[in-house]
Amino acid sequence: MNSHFTVTPSFTVKALEKALRLYTPSLSEKPMADFLVDKCDDLGFDDIQIDEVGNVIAKKGTGSPKIMLCGHMDVVPGKVKVRKEGDSLYGRGASDAKAPLMAMLFAAASIQNNNGTIIFVAAVDEEGSATGIKNLVKKEMDVDYAVFGEPSGVKQVTIAYKGRLAINLKVSVEDSSHASAPWLSKNAIHESMIFAKELKDRLEADQDGKTKGMLLTATMTEIKGGISHNVTPKECETVFDIRIPVDMNCKSIEQKIATLVKEISKERDVEAFYSILDETEPFEAAHNSPIVRAFTLGIIEVEHSRPTLIRKTGTGDMNVLGNQWNIPVVTYGPGDPHEAHTIDEKVSIDEYLRGIEILKKTLQHLKRLHDKKMQ
C-alpha cells in the first residue's frame, strides 16, 4: 500500500462516482476494467490481470482461507445522469452492481498478509449471457469460499436464486391470405397469442400458497411475426423467460414444455416448434456454512441486528459457480434490489459505506471461523 494513500469514506464514495461515470453495458466493460486495474495497483493488490474474456482478477493478502469476492462490471442499457442528491448517488449500475463491486474492492484492500487471501474478480457480461463467470468456472482456482456482489441491502444475505430457461416458441399455420379475406386461413399471430397464454397458464398451474421465491414463472418477453400490413401472418415467434425455483430443475421443466407444446398444437391444429435459448440451473447455498455465519456476525456488529437470509426470484452468477465448484457461496451487497435496471437508478451513500464495513468485518470473522474449523 502506498504510504501517501489513505482510504477515507469520501475516497471510496468518489471512486464509486467515477465508476458510475463509465457507462459499461455488457461486453463494453473495458473502461471499467482499466479503471479497476489502476485502483488495484494503488491499493496494493498483487497478480493483477485481465483474462481472455475481459474479467479483472487480482489478489490481496496471504494464507488461508482463500475467498473470492466477485462482482460484475457490466450494466443494463440506458444512461442515468450521475449526480449526488442528499444521501443518494445516482447512475446506471449504482445498485446493480457497481456499489457492491466497489464495496468488495475496498473490503479486499483492507486485508493484511496472513489474514487470508482474497481473490477479487470484476466479471464481464453478467447481465448478458454470463461470458465472464462461465470462463472463470473453467479455471482451476482453488477457492474455499465465494461471495457475489449484487444488491441485497446490507441487512439481507441472498442464499438462493432461481434457475432460468429461455425458450423460443414458433407457431406456424398452413397458409396466409389477404387481410381483406381473413377467413381463408388461420392467423399465426392470433394463434400464437392463444398458444402462448395456454403454455404459460399450464406451466404456472397449481402453485397456490407458494411464496414468490418458490414460484415457477413463465414470462413472455419478445414477439415477432408478420411480413406485411395487409397479409395474414403464416408464422409467429414468442420468447419466454421461465424462472425455476430451487425445488425444481431445468430438465423436468423442459420435459413438461415438450409435452405441453405437443398437446396444445394438437388442440389448436397448428404447427409449433420450440428451441432452448439459454438454461441455468437454480441454486441454493447451505444456510449454516462458515460464510453465512461470518456475514451474520459482521452484520450484527455493524447493524446491531441479525440479517435475513433471502431467496431471490432472479438468477445470478452464483448459480453457475455454486453448481460447478461445490463450495460455500452467498450473494451480498449494499443497494436496493428494486433500484436495479430502473430508469433513475440510485444507491444510498450511507448504505454503501456500511456495506464496506460489514464486508471487512465478515472477512475477519470468516478467517477465524475457517481456522477453527480446520483445527
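Read-outs throughout are calculated quantities, based only on the coordinates presented, and are distinct from any laboratory measurement. What you see is a predicted model, and the numbers here were worked out from it, not measured in a lab. Quick reminder, even Gly has a Cβ in these numbers, built from the backbone with ideal geometry, and neighbours come from all protein chains shown.
Taking other Cβ atoms within 10 Å as a rough exposure proxy, 173, 56 sort from fewest to most as 173, 56. Here r is the Cβ-Cβ distance between residue 372 and residue 190 and R0 is 56 Å; the resulting FRET efficiency, rounded to 0.05, is 0.30. Under 16 Å from a label point set 7 Å out along the Cα-to-Cβ vector of residue 53, the amide N atoms of the range 99-125 belong to 121-125. The residue 141 and residue 114 beta-carbon pair, evaluated with R₀ = 22 Å, returns a calculated FRET efficiency of approximately 0.60.
Please work out the C-alpha center-to-center distance from the range 150-181 to the range 15-55 and express it in whole Å. That distance is 32 Å. Debye-formula intensities of the range 176-294, expressed as log10 I(q)/I(0) at q = 0.16, 0.22, 0.23 Å⁻¹, are -0.84, -1.27, -1.34 (one equal scatterer per alpha-carbon, no solvent). Highest mobility in the GNM of the chain, judged by mean-square fluctuation with C-alpha springs under 10 Å and restricted to 101, 199, 36, is found for 199.
Segment residue 27..residue 269, full-extension length gain: 82.9 nm, with 0.36 nm per residue of separation and the alpha-carbon distance subtracted. Helix 290-303 and the longest principal axis of the Cα set of the chain meet at an angle near 70°. On a per residue basis, the convex hull of the C-alpha atoms belonging to the range 1-90 measures out at 124 Å³.
Over the chain, what is the relative contact order in whole percent, taking alpha-carbon pairs under 8 Å and six or more residues apart? The normalised contact order for the chain reaches 24 percent. A simple packing score, the average count of other Cβ atoms within 10 Å per residue, orders the peptides 135-144, 310-319, 151-160 as 151-160, 310-319, 135-144, with the highest score first. Taking amide H atoms as placed 1.01 Å from N in the peptide plane, the amide H of residue 66 lies under 5 Å from those of 117, 144, 145, each 5 or more residues away in sequence or on another chain.
If R0 equals 45 Å, the separation of the Cβ atoms of residue 222 and residue 6 corresponds to a calculated FRET efficiency of about 0.35. Of all beta bridges that DSSP places with both ends in the chain, some 70 percent have antiparallel geometry.
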